[in-house]
Structures are given as C-alpha cells and as structure tokens.
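K.L.:
Dropping a structure here in structure tokens format, bear with me for questions.
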Amino acid sequence: MGLETENPLEFLNQAKQALLDQRALSESLREAREQEESATRALESARKELSERKERTLKNRSEEIKKTYERQIEQIDGALKKARSQRERAKNLGVKGRIASETEPVNEENQELWRRFKAVLRKDKAPFFCGTKLYYMLFQPSGFSEFLGLFFAFLLFFLLIPIAVYLLLPERRTLYLIAVYLLDILIFGGLYVLISNQTKGKHGEAIREGRGFLNEMRKNRKRIRNIARGIRSDSSEEPYHLEDYDSEIGKAEQEREQTIREMQSAQDTFEKVTKNIITGEMDSAAQAELDQLSDQLAESSRRRSELEKKEKLGEQELSLRYEQLLGKPHMKEEEIDRLYELIQSGEASSLIDAVTKLEGKG
C-alpha cells in the first residue's frame, strides 16, 4: 500500500510541495528564457554595431583616399586651365602682332592716301566738310555701303521727318500733309542741290580725285580684312612660338593621367587588400566581446534547456503520482488544503473519500 492510503495527510503535503516546486521551476524557466532573449539581443546588437562600424569605417577610408586624389587632380586642373589660358592669350597676341606686321604696309599706304586726299582738297580750297566720308556718301557715293547709306538718308529726310512733323500737328489734314512734304522738299531738297552745286561746281575735279583716293583706301581696308581673316584661319601655330606653353600643358596632362591611374590603383588596393586588413583588425578587436556574449547566450540556452527538461519531468511526475488520484481540478494549493482539512477533521476517512466529498460539495 502506498503513502496515499497509509498517511494521506503526508501525501497531500508532498503534493502541495510538488506544486510549489513546479511553480518555482516554471518561474526559473521564465527568467531563463528572458535571459536567453536578452543575451540573443545583446549578441545581435553587438554584431550589428560591428557591421555598421566596419561599413562606416571602410566608407570613410575609401572617401578619404578619393578626396586626397581629387584634391590633387583639382590642383592640376587649375594649373592646366591657367596654362591653356596663357597659351591662348599668347596666341591671340601673336595673331594680333602678325596681323599688325603683315598689314603695316597697307596701313601706311592708306595713311599716305589720306594725306594726299586732304592735300588735294586743301589745295583746291574746298570747304572742310568736303573732306568727310559723310559728304562723299551723300554727294559722291561709290560702292554698295555708301549707296545704301544714301538711301537711308533720303528715307530719313524725305519720309520719316515729314511724317513725324505731320503727326506732331494739332490738326491733321491731307492738305497739311502735302504742305509739309512740299516744305520738306523745298528745305532739304533745296539745301541738297545748293550744296551739290556749290561744291561740285567749283571743286568738282578735286572731289572726283578725292573719290579715287577714298576708293583706293576702301580697297586697302578690304585687303587688310582679308589678310587678318587668313591669319586667323591659319591652322599653323608655328609663327607664335608656343612650344613652352605646349610643353607645360603636356606635362600637366601627363601628371593628371598619372594621378588618375594612382587613384585607381589606390582604390583597387583598398578594395582587394586594405579593406580585408581593416575588417580583420576590427573583427579581432571585437572578438573578445562577441565571444563573451556568445558564451553568455550559450549558457543561457543551456540553462533554459535544462529547466525545460526539469519542468517536463516535473509535470510528468505531478500527473503520474498526484493528478491520477486527486484529479486535475484539485491540483491546486487551495484544493489540496480543503482535502487536507476534510481528512484531518474526520469528515473523510480516506483520500478518495475526501475527493468524493469535495466534488460532492462542489
């Protein structure tokens, strides 16, 4: 016979203690699981922090390498830009000098023609305005540009001015418009004819001779423009002696290419070698902490596993030894206390009797 029949009160005490022990075990298991979760989070956080730190460090080192070489390239580009600008300036000065040199005889010829032009008019005692280009455009035109200028002058004096005067009148009538045009023709036309007769009539030969000088000067100016255009379009730069500038530019371009190659090489070395070294050093520095956290996690997992096994065994023992006799509804401390009171007070003669009476009361 077992303890449940020989000493049911002791059996109930043991059942109650088993419940208390099982509850304490469950609480220890809950704490062990929390510790395991905390250790897992701590390890994951440390690994994540290490990964982010490595990524950040590698990115910063890579950018530092890139910025170092970019600063060098920027300095070289500045020097290269300056050298090219100086070369272009030297070429422009050379072109201007060449144009001045090659057109100097023609310019001197024009100066001589202009002197002779003035001398002819001065000798003939022609009015001063006869020696102006405006006079020749209005009274002795030659060439497309002067005829075009004469056309616009006639438009101004015999179209625009009359219309402007007419529009300014307080009252506008066709008769007034006709009167304005007649007055305009009389004033400007008469003045034009008067000047033409006075100058060409008395100084016609000198004016015609001056026209010849001006035409020769115009031809010379065209020659000068053609010479300048030919010089500017000449692809040969040999006359300007730009070798020193080309040498300086060539050295700067080579230095730039070399710096770019060095930057690429440094970046390749960083990716293939330096990155692994940095990563390895950071891993080594953090390994002790990670090992400690891993050990804490392993210990927490081991303790949790042991407690889970004990809890399972405890539940099995409660079921086999106590629950079969007391029933699952009575596997509570307050229920066991009530069974204990029934037996101790004599109301129940045995454990089974107490369970039956307790269920009957329920």
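The values are calculated or read from the model by the stated rules, or taken from the named source; none is laboratory data. Worth saying up front: this structure is predicted, and the values here are computed from it rather than measured. Cβ: placed from backbone, ideal geometry, glycine included. Neighbour counts: every protein chain shown. Surface areas here come from the heavy atoms of the whole protein model, side chains and all, with no ligands, DNA or RNA. Shrake-Rupley method; radii C 1.70, N 1.55, O 1.52, S 1.80 Å.
K.L.:
Over the Cα atoms of region 79-221, what Rg and Dmax result, in angstrom?
P.N.:
23.4, 76
K.L.:
Restrict the search to region 280-362; then list the trypsin sites (Lys or Arg not before Pro) that DSSP places in a loop and that have at most 13 other Cβ atoms within 10 Å of their Cβ.
P.N.:
Values: sites: Arg302, Arg303, Arg304, Lys309, Lys310, Lys312, Arg321, Lys332, Arg338, Lys357, Lys361; in loops: Lys332.
Of the trypsin sites (Lys or Arg not before Pro), the ones in loops of region 280-362 whose Cβ has at most 13 other Cβ atoms within 10 Å are Lys332.
K.L.:
Over 20 Å between Cα atoms: which of Lys125/Lys219; Lys59/Lys81; Lys91/Lys219; Lys66/Lys272; Lys91/Lys222; Lys16/Lys328 fall into that group?
P.N.:
Values: Lys125/Lys219 27 Å; Lys59/Lys81 32 Å; Lys91/Lys219 28 Å; Lys66/Lys272 16 Å; Lys91/Lys222 24 Å; Lys16/Lys328 13 Å.
Violating the 20 Å limit, Cα to Cα: Lys125/Lys219; Lys59/Lys81; Lys91/Lys219; Lys91/Lys222.
K.L.:
Calculate the dipole size of region 2-87 relative to its Cα centre from +1 charges on Lys and Arg beta carbons and -1 charges on Asp and Glu beta carbons; express the result in debye to the nearest 20. Can you show the working numbers first?
P.N.:
Numbers: 19 positive and 18 negative charges, 371 e Å.
Taking the Cα centre of region 2-87 as origin, the dipole is about 1780 debye.
K.L.:
Also, quick follow-up: Would you report the distance distribution of C-alpha pairs in region 25-95 as whole percents per 10 angstrom bin, up to the bin with the largest distance?
P.N.:
16, 17, 15, 13, 11, 9, 8, 6, 4, 2, 0
K.L.:
Ratio of Rg to Rh for region 232-347, alpha carbon only, Kirkwood?
P.N.:
Details: Rg = 42.7 Å, Rh = 23.9 Å.
Reported Rg/Rh, Kirkwood definition of Rh: 1.79.
K.L.:
Could I have the simple spin-label model distance between Lys118 and Asp337, label points 7 Å from Cα toward Cβ, reported in nm to one decimal?
P.N.:
13.7
K.L.:
Assuming 1.002 mPa s and 20 °C, estimate D for region 167-288 with Stokes-Einstein, Rh taken as the Kirkwood radius over Cα pairs, in µm²/s. Spell out each step's value before the answer.
P.N.:
On the way: Rh = 24.9 Å.
Translational D for this selection: 86 µm²/s.
K.L.:
How many times 2.2 N^0.38 Å is the alpha carbon radius of gyration of the chain? Write down the numbers at each step before the final one.
P.N.:
Working: Rg = 58.5 Å, N = 362, 2.2 N^0.38 = 20.6 Å.
For the chain, the normalised Cα radius of gyration is 2.83.
K.L.:
How long are the semi-axes of the ellipsoid equivalent to region 307-362, from square roots of 5 times the Cα gyration tensor eigenvalues, in whole Å, largest first?
P.N.:
Details: eigenvalues 130, 19, 18 Å².
Over the Cα atoms of region 307-362, the semi-axes work out to 25, 10, 9 Å.
K.L.:
On to the next question. Using every alpha carbon pair in region 82-133, what percent of pairs falls into each 5 Å bin from 0 up to the bin containing the largest distance?
P.N.:
Per 5 Å bin, starting at zero, the Cα-Cα P(r) for region 82-133 comes out as 5, 17, 14, 13, 10, 10, 9, 8, 6, 5, 3, 1 percent.
K.L.:
Let's see if you can work this out: charge +1 on each Lys and Arg Cβ, -1 on each Asp and Glu Cβ, no other charges. What is the dipole magnitude of region 51-124 about its Cα centre, in debye to the nearest 20?
P.N.:
Working: 21 positive and 14 negative charges, 64 e Å.
Dipole about the Cα centre, nearest 20: 300 debye.
K.L.:
Could you order Glu44, Glu171, Glu6 so the one with the most accessible surface comes first? Probe is 1.4 Å. It would help to have the intermediate numbers written out before the result.
P.N.:
On the way: Glu44 110, Glu171 85, Glu6 130 Å².
Largest accessible area first, the residues go Glu6, Glu44, Glu171.
K.L.:
Using only alpha-carbon positions, what ratio does the radius of gyration of region 59-150 give when scaled by 2.2 N^0.38 Å? Please report the intermediate quantities before stating the final value.
P.N.:
Values: Rg = 28.9 Å, N = 92, 2.2 N^0.38 = 12.3 Å.
Working it through for region 59-150, the quotient is 2.36.
K.L.:
Now, a different point. What are the ³J(HN,Hα) couplings of region 351-357, residue after residue, when phi is run through the Karplus curve with 6.51, -1.76, 1.60 and θ = phi - 60°? Round to Hz, x for glycine and proline.
P.N.:
5, 5, 4, 5, 5, 5, 5
K.L.:
Separate question: Assuming R0 = 22 Å, can you tell me the calculated FRET efficiency for the pair Glu44 and Arg302, based on Cβ-Cβ distance, to the nearest 0.05? Provide the component values of the computation, followed by the final result.
P.N.:
On the way: r = 19 Å, r/R0 = 0.86.
Approximately 0.70, to the nearest 0.05.
K.L.:
With no solvent and one point per C-alpha, what does the Debye sum give as log10 I(q)/I(0) for region 232-281 at q = 0.26, 0.32 Å⁻¹?
P.N.:
Scattering profile of region 232-281, log10 relative to I(0): -0.91, -1.05.
K.L.:
Cross-link candidates for Lys202: which aspartates and glutamates have Cα within less than 20 Å, leaving aside residues fewer than 8 places away along the same chain?
P.N.:
Asp124
K.L.:
Using protein chains only and a probe of 1.4 angstrom, how many square angstrom of Val165 are accessible, to the nearest 10?
P.N.:
About 70 Å², ignoring ligands and nucleic acids.
K.L.:
Related question: Per residue of the chain, what 222 nm ellipticity follows from adding -39500 (n - 2.57) for every DSSP H run with n ≥ 4, rounded to the nearest 500?
P.N.:
Working: 11 runs with 295 residues, N = 362.
Mean residue ellipticity at 222 nm (helix-derived): -29000 deg cm²/dmol.
K.L.:
Run the 1.4 Å probe and let me know the accessible area of Arg115, rounded to the nearest 10 Å².
P.N.:
Result for Arg115: roughly 130 Å² accessible.
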